[in-house]
Amino acid sequence: MVTSPRPLKPTSESSSVVPRDKKHAGVFLSTKDVDTGAQLVAGLTSTLDPDEALRLRRKIDRHIMPLMCAMYWIQFMDKTTLGYAAVLGIQQATKLTTNEYNWLGTVFYLSYLFFEYPQNLALQRFPVGKWMSINIFIWAVALACHAACKNFTGLLVVRLLLGACEGSITAGFLIVSSMFYTRTEQTLRVGYWFLMNGFAQIIAGFISFGVLHIDTKGFEPWQWLMIITGIMTVILAILFWFLFPDSPTNAWFLTPDERVKAVQRIKENQTGVENKHFKTEQLIEALTDPKTWLFALFSALDNVPNSLTNQQALIIASFGFNDVQTTLLSCVGGVIEILTIFTGVQLATRWPNSRAYIAVIYFVPTWCGILLVNLLPWSDQVGLLISQFLTSVSVPGFVLALSWLNSVTAGHTKKIVTNAIMLSAYCIGNAAGPFMWKTQYKPRYHIPWAVIGACYVACPVLLLVIRTVLVRENRIRDAEPVENSEEYVIERFTEDGKCVEVKVDKEYLDLTDRQNRDFRYVL
C-alpha cells in the first residue's frame with residue numbers, strides 16, 4: 001500500500017525558523033534536506049540543449065565507463081580464481097576436502113553479506129570513488145596472499161577479506177550510475193559493466209592456460225595465478241584513486257559549467273545525485289515497500305545457481321576433458337555471457353517498458369540446458385558440454401533486475417538501503433549454493449540441477465509479479481488529481497559573498513518514490 005507523501009518540514013538547523021513574509025511564501029529547506037546537486041542547479045531556469053546533453057554524456061562515458069568496466073572485469077576474475085585454481089592444483093596443494101572447498105565459496109558470500117550494509121552506509125557517508133579505491137587495494141593484497149596459503153584456515157581468512165571488500169563494488173557502481181546517467185541510460189551502462197564478467201572468464205581462462213606452462217620449482221601454477229591477478233588489481237586500485245570521480249558535483253574532468261549541466265541532465269530521473277545525511281524515515285519506507293522484498297527474493301533465488309561459477313571447471317573436467325582443454329573451454333561461458341547481456345540490455349532499451357518480458361525470454365534456453373544436462377547419456381560429451389553452456393544464458397535477468405531496482409527507487413537513503421537488501425539477498429543465494437555440490441551426488445549431480453531448475457522457474461514469475469505491481473501503482477498515480485507544487489527555496493552564497501534565496505525544483509528535494517507522486521515507475 002503506497003502512502004501519501006508527508007509535507008517536508010524544515011530542520012532545526014534551517015533558517016526557516018525565522019518568520020516569513022508574503023513575498024517569501026513557500027517551504028524553506030536546509031541544505032541537509034535536499035540533494036547535493038540542488039546547490040548547483042537551484043534557481044536555474046534555462047533548459048539543457050539536447051546536443052549539449054549528448055556531448056556531455058559522451059564525455060562522462062569516456063572518463064568513467066572504462067574504469068567501471070575494468071573494475072568489474074577484475075573483481076569477477078578475482079573472485080572466480082578459486083574455480084580455476086581448483087583445476088591448477090590448489091585442492092591437492094592445500095589438502096582441501098570437497099566440503100572445505102565448498103566452504104571457501106560460501107564464506108566469501110557470508111562475509112559479503114555481513115559487510116554489505118556497513119559498506120552501503122560508508123558509500124553514503126564518504127566519497128564513493130575514494131572508498132571503493134581503498135577496498136580495491138585491500139582486495140588486491142588479500143588476493144595475492146592466496147599464494148602463501150598452505151591450508152584451509154589460511155584460505156578461509158583471505159576469502160573473508162575478499163568478501164568484505166567486494167560489498168562496496170556493485171553497490172558503489174549502482175550509485176554512480178544513478179548519479180551520472182538517466183534511467184534509460186542506466187540500463188545500458190549497468191549492462192556494459194556487468195558483461196565484463198564474461199570477459200573476466202575469458203581472460204582468466206587464458207591466464208590459467210598460460211600459467212599451466214610455467215615450471216617453477218617450489219611455486220605452483222595456481223600460486224602464479226593469484227600473484228598475477230593480484231598485481232593487476234593493485235594497478236587498478238591506484239588508477240581508481242586518482243581518476244574515478246565521487247559525484248558529478250565535483251568530477252575532476254568536468255568544468256564548473258559542465259557540472260551544473262551534468263546534474264541538470266539527470267533531472268528526469270527525479271532521484272537527484274546524492275544526499276550525505278542518513279534519513280530514518282527513508283529506511284523505514286524501504287523496509288515496508290513490497291517491491292524491495294520482491295526484488296530481494298528474486299536476487300536470492302537467481303543466485304543460488306551462481307555456485308556453478310566455482311563448479312563449472314570441475315563439471316567440465318568430469319565430462320572427460322583434460323586440464324588444458326578445461327581451462328580453454330571455460331572461456332566459452334564468458335563469450336555466452338557477453339553476448340546475452342549485450343543483446344538483453346539493447347533489447348530492453350529499444351523496446352520500452354519491456355524489462356520483465358526480455359528477462360523471461362532469456363530464461364527459456366536455460367530451462368532447456370538444465371533438462372539436457374540431466375537427460376543426455378553420460379557418453380555424449382559434446383551434448384553435455386553444450387547443455388552446460390546453455391545454463392548460463394539467463395544472466396541478463398539479474399542485470400536487468402539490478403538496473404530496474406536502481407531506476408524505480410528514489411531517495412538517497414532509501415536507495416542505499418534497497419541496494420543493500422538486494423545485494424544481501426544476492427549473498428544469501430550465493431552462500432547457499434555451494435552446499436548443493438556434495439560428493440554423493442557425483443557425477444550427474446541430479447539434486448543440485450533440480451534445485452537450480454526450481455530457482456529458474458520461480459525467477460521469471462517474480463519479475464512478472466514485480467511488473468504487475470508497478471503497473472498498478474502507475475495507474476493509481478495517473479488517476480490522482482494534479483496538485484499545484486509548493487515552492488521550495490534554499491539559501492546559497494553568490495561569488496561576492498551575498499546570501500540569496502533560490503528556488504529548488506522538486507526533483508532535487510531527495511524525495512522517495514512514494515513521497516513524490518509525480519514519480520512514475522519504469523517497466
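Among V345, V399, V373, V360, which is in a helix (DSSP H, G or I), farther than 26 Å from F108 by Cβ, open to solvent by less than 10 Å² (accessible area, probe 1.4 Å) and touching a residue at least 60 places away in the same chain (Cβ under 8 Å)?
V345
Which condition breaks for Y112 when tested against (1) under 18 Å from A204 (Cβ atoms); (2) aromatic (F, W, Y); (3) within 21 Å of the chain's Cα centre (by Cα)?
It is condition (1) that Y112 fails.
Of all residues being open to solvent by 50 Å² or more (accessible area, probe 1.4 Å) and touching a residue at least 40 places away in the same chain (Cβ under 8 Å) in the range 206-218, which is farthest from M68 (Cα to Cα)? Just the residue, please. Step through it out loud before you land on a result.
First, pick out the residues of the range 206-218 that are open to solvent by 50 Å² or more (accessible area, probe 1.4 Å): 206, 209, 212-218.
So of that shortlist, the ones also touching a residue at least 40 places away in the same chain (Cβ under 8 Å) come out as 206, 209, 212.
Working: F206: 22, F209: 26, L212: 30 Å.
Applying the filter and picking the extreme gives L212.
Among the residues of the range 214-222, is any under 20 Å from the mean Cα position of the chain (by Cα) and modelled with pLDDT under 85?
No - not one qualifying residue is present in the range 214-222.
What is the one condition in (1) out of contact with any Gly (no Cβ under 7 Å at 6 or more places or on another chain); (2) over 30 Å from G397 (Cα atoms); (3) open to solvent by less than 60 Å² (accessible area, probe 1.4 Å) that P221 does not satisfy?
(1)
In the range 264-313, which residue that is assigned to a loop (DSSP other than H, G, I, E, B) and among the basic types (K, R) is modelled with the lowest pLDDT? If you could, list the steps in order and put the result at the bottom.
Step one: list which residues in the range 264-313 are assigned to a loop (DSSP other than H, G, I, E, B), which gives 266, 270-279, 289.
From the residues that got through so far, the ones that are among the basic types (K, R) too are 276, 279.
Details: K276: 71, K279: 84.
In this case the residue turns out to be K276.
Considering only residues that are of a type in the set (S, T, N, Q) and in a helix (DSSP H, G or I), which ones fall in the range 385-396?
Result: S387, Q388.
Which one of these does T409 not meet: (1) in contact with a Gly (Cβ under 8 Å, 6 or more places away or on another chain); (2) open to solvent by less than 50 Å² (accessible area, probe 1.4 Å)?
Result: T409 fails condition (1) only.
In this structure, is V382 part of a helix (DSSP H, G or I) and within 18 Å of L329 (Cα to Cα)? Step through it out loud before you land on a result.
Numbers: part of a helix (DSSP H, G or I): yes; within 18 Å of L329 (Cα to Cα): yes.
Criteria met by V382.
Among the candidates A410, A458, A432, single out the residue that is in contact (Cβ under 8 Å) with a residue 12 or more places away in the chain and under 17 Å from L110 (Cβ atoms).
On inspection, the qualifying residue turns out to be A432.
Out of the residues in the range 105-124 meeting the condition of being modelled with pLDDT of 85 or more and out of contact with any Gly (no Cβ under 9 Å at 6 or more places or on another chain), tell me which one is farthest from I428 (Cα to Cα).
A122
Checking the conditions here, which among L236, L225 is under 22 Å from the mean Cα position of the chain (by Cα) and either closer than 22 Å to F180 by Cβ or in a helix (DSSP H, G or I) (or both)?
It is L236.
The values are calculated or read from the model by the stated rules, or taken from the named source; none is laboratory data. Every value quoted in this text rests on a predicted model; they were computed, and no experiment measured them. Please note: Cβ atoms are built from the backbone with ideal geometry, for glycine as well, and neighbour counts cover all protein chains shown. Heavy atoms of the whole protein, side chains included, go into the accessibility calculation; ligands, DNA and RNA do not. Shrake-Rupley method; radii C 1.70, N 1.55, O 1.52, S 1.80 Å.
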